Amino acid sequence: MNMLPLTEPFRPHPNFDDAINSAICQSEIEGGVSLDELPVGAVLDVQTSNTLYRIENRGDGEVLISGHPEICPTPVLVSFHGSTWGTPMLKVRFIGRDMRMEFFHPERGVVRTSRVRDIWEQTASNVAETALMRKAS
């Protein structure tokens, strides 16, 4: 999995507020995943403060997301906007630690999650094992 930070260090943007520059810098330190860097079919488990989500990259900013008992108890195809620090600014198609994911749900509109605590890439065998366990229960 291509975890960020990138190889080039962040350089503050002169037109951004200090708080925004600081948040961008912190997101590079905390790390995260760019959906555009993941192959189609890659599966991530994302633990937020409140929920464990499973996300499958479908390409072009679309993901199958599940895990929330009300919003997505079964996989739902959504348009994944990116992650935010709680401001209108987004890191597009990025899942960042200590940030909130934002996506467009076909029935609920724009959804923002609680803060991302951790991100794991799942292997094909782990995904198959989880599916078998769910079927058995």
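Fewest-first ordering of M99, M89 by other beta carbons within 10 Å of each residue's beta carbon gives M89, M99. Residues L44, L77, ranked from the fewest to the most other C-beta atoms within 10 Å, line up as L77, L44. Taking other Cβ atoms within 10 Å as a rough exposure proxy, S79, S34 sort from fewest to most as S79, S34.
Could you work out the relative contact order of the range 32-136? I mean the mean sequence separation of Cα pairs under 8 Å and 6+ apart, divided by the number of residues, in percent.
Working: 223 pairs, mean separation 26.6, N = 105.
That works out to 25 percent.
Each part reduced to its alpha carbon centroid, the range 87-102 and the range 44-69 end up 13 Å apart.
Values in this text are rule-based calculations from the coordinates and carry no lab data. None of these values were measured; they are calculated from a predicted model. Ideal geometry is used to build each Cβ from the backbone, glycine not excepted, and the neighbour counts take in all protein chains shown.
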